[in-house]
1. Report yes if some residue within the stretch 246-266 is of a type in the set (A, V, I, L, M), in contact with a strand residue (DSSP E or B) (Cβ under 7 Å, 6 or more places away or on another chain) and not assigned by TED's automatic domain parsing to the domain that holds E166; otherwise report no.
2. Working only within the stretch 379-414, note down all residues that are within 25 Å of the chain's Cα centre (by Cα), not in a loop (DSSP other than H, G, I, E, B) and not hydrophobic (A, V, I, L, M, F, W, C).
3. Test each condition in (1) part of a loop (DSSP other than H, G, I, E, B); (2) farther than 27 Å from R197 by Cβ for G111 and report the one that comes out false.
4. Any idea which of V50, V34, V27 is modelled with pLDDT under 95 and within 22 Å of P142 (Cα to Cα)?
5. Which members of the stretch 355-385 meet the condition of being of a type in the set (V, I, T) and either without any contact (Cβ under 8 Å) to a residue 40 or more places away in the chain or more than 11 Å from S190 (Cα to Cα) (or both)?
6. Can you report the number of residues in the stretch 286-296 which are part of a loop (DSSP other than H, G, I, E, B) and in contact with a helix residue (DSSP H, G or I) (Cβ under 6 Å, 6 or more places away or on another chain)?
7. Can you go through E150, E166 and tell me which one is within 30 Å of I355 (Cβ to Cβ), of a type in the set (D, E, K, R) and either assigned by TED's automatic domain parsing to the domain that holds I370 or within 16 Å of the ligand (Cβ to nearest atom) (or both)?
8. In the stretch 359-378, which residue that is hydroxyl-bearing (S, T, Y) and either part of a helix (DSSP H, G or I) or at pLDDT below 95 (or both) is nearest to the ligand (Cβ to nearest atom)?
Amino acid sequence: MELKFLGGAREVGKSGILVNTGKEKFVMDFGIEVQEGKRPIRPPLDLDGVFITHAHLDHSGFAAGLYSMGYQGNVYATKVTFDLMQMLLEDSLKVQHKKGMNAGFSSQDIGRMGKKEKIMNFKQPQEIGSSTVELFSAGHIPGAASVFIESRGKSVLYTGDIKFMESDFMFGADIDVQNVDVLISESTYSYKDHPDRKKLKNQLLTVIEDTCHNGGVALLPAFAVGRTQELLMMLENIQFPIYVDGMGIRAAKIMLSNPESFLNSRGLSRVFQNCTKVRGNRDRKDAVKRPSVIITTAGMLQGGPVSFYISKLATRKDSAMALTGYQVEDTPGRHLLETGIYSNGEIEVRPEFPIHFLDFSAHTDRSHLIDFYKKTNPQKIILVHGDRTEEFAGQLREMGFDAHAPKNGESLKF
Ligand SMILES: [Zn+2]
């Protein structure tokens, strides 16, 4: 078997891996780097299948681009991943056009891909040629999968984005494969463990309660897919008005129509029914007039309604913002945390309200990664999807693992 890393090696963004079993060729994930729309290396197009681990654009964002280049075969994922992907790809097209970028695919290509979608369920192996492919629940967001491919006595397991601990919103990953030849592992949080999630939740609720009691607005920028819905569930007992703005509304509807894809759909449905879904600027102006909680895209402040709220609230010392997810380098969110200045290319302000960073992660942490490696007992560990993959590979080698952090473009035979 041979692997080639098309993207997402020594970086977070534009994930893509080519698997050549000697008989079949597959691609696992084909994403974009969201800030600048960078794409993975072009694979051969006589592929026998494309597997998408989950809908986030850094894993799925250029899947339709394969069809634009001439790929005509099947794409495999879970049902909710396809539903969410459709929404995210269409939105990504719009955003890239607005920025004057060439997306490299059209809505016709999204349609072409739609006709080639093959829904897979967890733990139901599928035979494609000489290979057997199985998806396992990865616990990251609804629909998120790890991909296991076995062919002619060789095996590879690719985690995708993964989380082992259960949260209020998602069940933990459920993978029962052992002794694989190669384990390709995400390593976003290879360098630290997460704080206790219950404590974080209490901190967040305290920030919200204190802010609203002071007459202010608690602004929660969040990723549309995953974090928005998890935050909603946490706010079940908040006595102040809750507003949801941006694509998180559609994402919540998609998830609610796939209730088996996450925990406690009744809880989400209850809060979702009772919150105000923002439809335009009039609702936005209403939201900032009273003590309230606003959950809005984008999670790393790269665009969307959040800039409206930041500029409206900039001088309001009674208000507060809580960032609740990973802030990738070179995003406005990371810049704001580091400098106190918010800049999105159009406006530049130094908000006077306090900014909190609460690290609710949908990725597993260092200890759980290492536990997983011990349990899975792979011959070789390949680290991707992280800012510190080489450092982590070195540490794993000291622990006795055979670990490697490839570069984009590198191949590996086994
Ligand atoms: Zn993800």
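The values are calculated or read from the model by the stated rules, or taken from the named source; none is laboratory data. This one's a predicted model, so the numbers in the text were calculated from it and none came from an experiment. Heads up, the Cβs are rebuilt from the backbone with ideal geometry, glycines too, and the neighbour counts pull from every protein chain shown.
1. yes
2. T389, E390, E391, H404
3. Status for G111: all satisfied but (1).
4. V34
5. Those that are of a type in the set (V, I, T) and either without any contact (Cβ under 8 Å) to a residue 40 or more places away in the chain or more than 11 Å from S190 (Cα to Cα) (or both): I355, I370, T376, I381, I382.
6. Selection size over the stretch 286-296: 1.
7. E166
8. S361
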